[in-house]
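One structure is given below, encoded as structure tokens.
The values are calculated or read from the model by the stated rules, or taken from the named source; none is laboratory data. Predicted model only: the values in this text are computed from it and were never measured. Each accessible area value is taken on the protein alone, full model and side chains, heavy atoms only, with ligands, DNA and RNA left out. Shrake-Rupley method; radii C 1.70, N 1.55, O 1.52, S 1.80 Å.
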Amino acid sequence: MSKKESAVDLAKFIDKGVRVKLSGGREVTGVLKGFDQLLNLVLDETQEFLRDPEDPLRTTDATRTLGLTVCRGTAVMLVAPTAGTEQIANPFISPEDAE
């Protein structure tokens, strides 16, 4: 890997849907429109997942529309594509613990 090459190649996600986890527990999805070397992200059609009022560390399926947003690179913890992902059952939890 050369000095100019980044460990994160976000160019392949431009104009595609991404899910971003931010420090502080916020999660958003949107269409990645741009980024820079500091991992500042520009997202369009952004939707924020609202937190559970009983457990602020957990997000719900309820969303609010934010539109065009800039996510500061110092707050970005995870960037993942939305296409090709699906939720699965936790394989490490026993059936009696799930109830």
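Observations, loosely collected:
- Surface share of carbon and sulfur [accessible, 1.4 angstrom probe, percent] for region 3-76: 51
- Contour minus Cα-Cα distance for residue 74 and residue 45 (0.36 nm per residue): 8.3 nm
- Residue with peak Gaussian network fluctuation, the chain [Cα springs, cutoff 10 Å], from 60, 69, 29: 60
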